[in-house]
1. Working carefully through the options A:Ile111, A:Ile35, A:Ile107, A:Ile87, find the one that is farther than 30 Å from A:Glu166 by Cα, away from chain B (no Cβ under 14 Å) and not polar (S, T, N, Q).
2. So which residues in region A:44-74 are outside any helix (DSSP H, G or I), at the interface with chain B (Cβ under 9 Å from one of its Cβ atoms) and touching a residue at least 12 places away in the same chain (Cβ under 8 Å), if there are any at all?
3. One residue is enough: does region B:326-348 have a residue meeting the conditions within 18 Å of the chain's Cα centre (by Cα) and either farther than 30 Å from A:Gln61 by Cα or among the small types (Gly, Ala, Ser) (or both)?
4. If a residue must be assigned to a loop (DSSP other than H, G, I, E, B) and more than 23 Å from B:Val159 (Cα to Cα), how many such residues does region B:38-76 contain?
5. Filter region B:112-166 down to the residues that are in contact with a Leu (Cβ under 8 Å, 6 or more places away or on another chain) and assigned to a helix (DSSP H, G or I) and list them by number.
6. Which of (1) out of contact with any Cys (no Cβ under 6 Å at 6 or more places or on another chain); (2) closer than 19 Å to B:Pro230 by Cα does B:Gly418 not meet, given it meets every other one?
7. When both residues are 6+ apart or on different chains and their Cβ atoms are under 7 Å apart, which pairs have a first residue that lies in region A:146-167 and is of a type in the set (Val, Ile, Thr), and a second that is assigned to a loop (DSSP other than H, G, I, E, B)?
8. Which condition number does B:Phe172 fail, the rest of (1) in contact with a Leu (Cβ under 8 Å, 6 or more places away or on another chain); (2) outside any loop (DSSP other than H, G, I, E, B) being met?
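The values are calculated or read from the model by the stated rules, or taken from the named source; none is laboratory data. Since the model is a prediction, treat every value here as computed from it, not as a measurement. Note: ideal-geometry Cβ built from the backbone for every residue, glycine included; neighbour counts use all protein chains shown.
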Amino acid sequence: MSCTECKLTESEKLTELSAFIEAHPDPVEAQGALIPVLHRAQELFGYLPTEVMDFVADKMQVPTAYVYGVATFYSHFTLIPRGKYPISVCMGTACYVKGAPAILDTIKQQIGIRTGETTEDGLFTLLETRCIGACGLAPVLTIGDDVYGRLTPDQIPDILEKYHVEK
Amino acid sequence: MINLTIDGKPVSVPEGTTIMSAAEKIGVKVPRLCYHPRLSVEGACRVCIVEVEGMRSLPASCAYPVEEGMVVRTITPEIREIRRDIVELLLDNHPTDCQTCERDGNCELQDLAYSTGVRERFFEGERKHYENDYSSPGVIRVPDKCVMCHRCVRICGEVQGIHCLGYHSRGFKTVVMPAYNLPFNDSVCSTCGQCINACPTAAFLEKDAVHNVMRALADPNKHVVVQFAPSVRAAIGEGFGIKPGVPLQKKIVSALRLIGFDAVFDTEVGADVNIMEEGMEFIERVKAGGPFPLITSCSSAWIKFAENFYHDMLPNLSSTKSPMSILGSLAKTYYAEKAGIPKENIYSVGAMCCTAKKFEAARHQCWLDENTPAVDAVMTTRELIWLIKSNGIDFMNLPDEEFDDPLGDSTGGGSIFGWTGGLAESVLRSVYYFITGETLVDIEFDGLRSMEWVKRQTINIGGTDYKFAVAHGLQNAHTLLRSIRDGKEEAHFVEIMGCPGGCIGGGGQPYARTTGSIPLDEKLLKKRADALRSEDRSKTIRRSYENPWVQRLYREYLGAPLSEKSHKLLHTKLVSRLPVGISRRENKP
């Protein structure tokens, strides 16, 4: 998420999303565009609020139940607000054997939340993911768009601190 | 043509045919669950697996197309065992309350378990558990009974064009529900009940009314009146082992008296009155030059659907209440006054082919005043069957009995309300007289009677051509109304019935399975229509305005159609509802 977008107002975000939908040649015919549209919506809003799914359904003329079905099918989409920096700890096989559980535990202790939860200050959301395809760097985690590899638990406090500073 | 061998027999079918359809050509019916010939192919349940020589896996025959030279076997020891395991795994995540389940003896899963040879249970694992949704006045949702065949989702979207039902989440956690897990009552659900008809188990059911009806019958202060719809008499026999197509109103009257109802009236009289009011609405629009088309509003599922999906067209809808609400209103006013019973003491029951009529009964715009519903409780045909059976009545051996006066004598114009096109035909029989002053001689309109999804006929009345159009099944309502809205066609009168086939195919009718048929079966629907056709033809009076009881009602009580009193008692108001329905546009071929 680039910071210019964080600062958009809700209505500016909807205008942006609207333009994205209209950029498809024929929004009514192009129902296959639903997934990219929901991606864009989540980029803009940080999650998929009901109002945004309603907006997408109406704009694309796709039944709301279908939009909701797609949004709940893929684990990438979230219907509840996420923190500014989502932490995704890879729990794929390679990362797992290389010590991902210990990394995850350290993070939980440091920020005091469980998997799927968001910190009270809205800074972090903790997520477990399947293999992200960076097995050579195992164990791996991502924070926002940043990737951290070959991790050991003692590195975690310093990494998290960076984001507290950036806040 | 593609040539292949199924179970040792050669068969030749067009390219693109599925293995299942090819097998049916040589009389082999592969066991199935999620498959339905009128719905898109889902391939979800895997019950219809077959063996294809040279293939490593066992394809689902409902989805797999035939190939040249294919050698298929539908019966092998391995397939039998795997099918049994598949069905057993479904059972292992399904409640074991068959004996007390509404669908006991009428359940596809139960039959499938037997026919695939599940005798022992080998698996025991995690079971899902979700809350039931009782929010809707018409339809309840019981997710624990769901076997994920998705026939409800497909019928709701593809046949009814509502797309209320969808999937939530995935894998073991998948649940069928309206968008955002909204309660049915807050969703775009039309309460048509087609999901109930399509469901192989009891994951959707009508909301129970029998309990309240029995309570009213037990109350000595209540004068309980009952009415039943045309389509109920056309289908009730199916619940008692009678072939479809026999009208049984006289037995129903007899049974209802035996159970303790104080007066038994005929919804068809309400239909005759409806024709007087709606016919006159049409005449007024003809005089005023519009707005056209006048759209019928008898089908409650269509009302709910229009209120969610067609806010802009609500002014086109007739304000006349449905026959049920008309009769209910008259029972608590006209009849109450004649019989000298205070309206508060009257408990009015409807037995309907419909789950949406439960919604209509609860709809305040159809009430007499803010404390008085026109109809207090609505039972479906299925509930009526159960009410009769659970009272230990030997239905088929009951004597024939007649309806009670003054709301018991109807014309053929009331009987034909039950199938698609019947209401339009009945309107024509009367409107012709209202406009020309002459009696219409040829009163059966073949162009409106067929099972085509959308039907159109131009009829000349008094030198002017009037365009009549009819649609049944709400997806077809979309097709017709969009075409009218986009200016692609013109119509003066439009009849819309929410369910495929009209009321005879209603969401409250006996399960098609009762007669060994499948949901949406056209043959079954035609037989039910035949029952009403024979009732219409057996009547000496077939035009609603000629009904002497209706004439008396207007003379003694209402004055004239569309009078102030008629408006107060017999008309309703349509309201725009949220959420606004969104339906997929038909994809271009």
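1. A:Ile35
2. A:Gln61, A:Val62, A:Tyr74
3. No: zero hits.
4. 21
5. Once the filter is applied, which keeps residues that are in contact with a Leu (Cβ under 8 Å, 6 or more places away or on another chain) and assigned to a helix (DSSP H, G or I), region B:112-166 yields B:Leu112, B:Ala113, B:Arg151, B:Cys152, B:Val153, B:Arg154, B:Ile155, B:Cys156, B:Gly157, B:Glu158, B:Val159.
6. All conditions are met except number (1).
7. From residues that are of a type in the set (Val, Ile, Thr), the pairs are A:Val147/A:Ala134; A:Val147/A:Val140.
8. (1)
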